[in-house]
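Chemist: Quick one: this structure, given as structure tokens, is what I'll be asking you about.
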Amino acid sequence: MMNNYSDIFGWVGGTSGLARGQDANRQRRGFSYVNNYSQKRTYCLNVLTSKKCAFTIAEVLITLGIIGVVAAMTLPVLLSKYQSKANATAFKKQYAVLTDTIAYLSLEENLNKCYIYYAADTETGVGYYGKVNEDCDALYAGIVQKLNLTPVENDFGDIYKADTDVISGGGKSINATVKYLDSVRRSKAYLTKDGAIYFFDSNVMYMSLDTNGYKGPNKWGYDVFFMALTSNNLSNRIILSDGPASIVDKGGCLPRTILQNKEDKCDANQDFTGKWY
């Protein structure tokens, strides 16, 4: 007849001295430790109730609390990076659509005299303005027609921040002489098929775009971007650039920063020198 717990549960390995005394004491209280070396696992069993030993509620709650604290610290950072990447991707998409259309119209339709800034000549250092109203009117109409844009009411002037508010809040602009919000207010607004809003300034070839329309955050350099048509002295190519003017709220990205795939560096140390991209 088996008269010890090792006979019942297959005690593996020997113990001596104090260890044997402790094991015997545990056995008298109804517990046995089983070491199954072939399966490389150890567990605790109460032989009187046939219940396995487990973590206490307090231990579980402490563990969950630690996990919660770590998640609370890291989740906002992860969400911020995800949103920044999403904003950059949305801008790149809209920028590509606009620039492809402008390139087609300026070359195929010979509408290459609509820009507000001609880059400085490398020898003389002189820059030029070269806006021709007829070309600008035709370019506007061509973009609207080719992209099948829908005119919408322009009430975004009450949604976006004024220039002074942006600067006082830690934002920056490339050209402080430009009244950015005034430009948006006097612009004609058009809705794209995927929900973006394009703004075409009625006076000069400033363009703004809101990548997600009325959806937030409606902040400069996040989902709202300001640019202008420019050119250079080497070709008739018209470029949509932030060089002549652009503005960003604190933490926002300049168009050039996104187009150079540096959206992780959208801070006050971005290149605000005014170079056109």
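Chemist: Would you mind stating whether Y128 is surrounded by fewer than 16 Cβ atoms within 10 Å (Cβ to Cβ), aromatic (F, W, Y) and either at pLDDT 95 or above or more than 29 Å from Y222 (Cα to Cα) (or both)?
Modeler: On the way: surrounded by fewer than 16 Cβ atoms within 10 Å (Cβ to Cβ): yes; aromatic (F, W, Y): yes; either at pLDDT 95 or above or more than 29 Å from Y222 (Cα to Cα) (or both): yes.
Yes; evaluated as a whole, the condition is true for this residue.
Chemist: If F225 passes every condition in (1) in contact with a helix residue (DSSP H, G or I) (Cβ under 8 Å, 6 or more places away or on another chain); (2) assigned to a loop (DSSP other than H, G, I, E, B) but one, which one does it miss?
Modeler: Among (1) in contact with a helix residue (DSSP H, G or I) (Cβ under 8 Å, 6 or more places away or on another chain); (2) assigned to a loop (DSSP other than H, G, I, E, B), F225 violates only (2).
Chemist: So, of the residues in segment 145-154 that are in contact with a strand residue (DSSP E or B) (Cβ under 9 Å, 6 or more places away or on another chain) and farther than 14 Å from S208 by Cα, which turns out to be surrounded by the fewest Cβ atoms within 10 Å (Cβ to Cβ)? Give the steps one after another, and end with the answer.
Modeler: Going residue by residue through segment 145-154, those that are in contact with a strand residue (DSSP E or B) (Cβ under 9 Å, 6 or more places away or on another chain) are 147, 149-154.
Okay, now just the ones that are also farther than 14 Å from S208 by Cα, so 147, 149-153.
On the way: L147: 16, L149: 19, T150: 11, P151: 10, V152: 15, E153: 6.
The residue in question is E153.
Chemist: For segment 161-173, what are the residues that are outside any loop (DSSP other than H, G, I, E, B) and either hydrophobic (A, V, I, L, M, F, W, C) or touching a strand residue (DSSP E or B) at 6+ places or on another chain (Cβ under 7 Å) (or both)? Step through it out loud before you land on a result.
Modeler: Of segment 161-173, the ones outside any loop (DSSP other than H, G, I, E, B) are 163-168, 172-173.
Within segment 161-173, D163, V166, I167, K172, S173 meet the criteria.
Chemist: Restricting the search to segment 186-199, which residues are surrounded by fewer than 19 Cβ atoms within 10 Å (Cβ to Cβ) and touching a Lys or Arg at 6+ places or on another chain (Cβ under 9 Å)?
Modeler: Those that are surrounded by fewer than 19 Cβ atoms within 10 Å (Cβ to Cβ) and touching a Lys or Arg at 6+ places or on another chain (Cβ under 9 Å): D194, G195.
Chemist: Can you find, within segment 164-176, the residue that is surrounded by the fewest Cβ atoms within 10 Å (Cβ to Cβ) among those that are in contact (Cβ under 8 Å) with a residue 24 or more places away in the chain and among the polar types (S, T, N, Q)? Before the answer, list the steps.
Modeler: Within segment 164-176, the first condition is being in contact (Cβ under 8 Å) with a residue 24 or more places away in the chain, and the residues that meet it are 166, 169-175.
The next check asks that each one be among the polar types (S, T, N, Q); those that pass are 173, 175.
Values: S173: 19, N175: 16.
In this case the residue turns out to be N175.
Chemist: Here's another thing I want to ask about it. Which residues, taken from segment 248-265, are over 21 Å from L181 (Cβ atoms) and in a loop (DSSP other than H, G, I, E, B)?
Modeler: Q260, N261, K262
Chemist: If a residue has to be of a type in the set (S, T, N, Q) and closer than 16 Å to L209 by Cβ to count, how many in segment 82-98 make the cut? Step through it out loud before you land on a result.
Modeler: The initial filter retains those residues of segment 82-98 that are of a type in the set (S, T, N, Q), namely 83-84, 87, 89, 94.
Applying the additional criterion that residues be closer than 16 Å to L209 by Cβ yields 87, 89, 94.
Number of matching residues: 3.
The values are calculated or read from the model by the stated rules, or taken from the named source; none is laboratory data. Small disclaimer: the values here were computed from a predicted structure and weren't measured. Every residue, glycine as well, gets a Cβ built from its backbone with ideal geometry; the counts of neighbours run over all protein chains shown.
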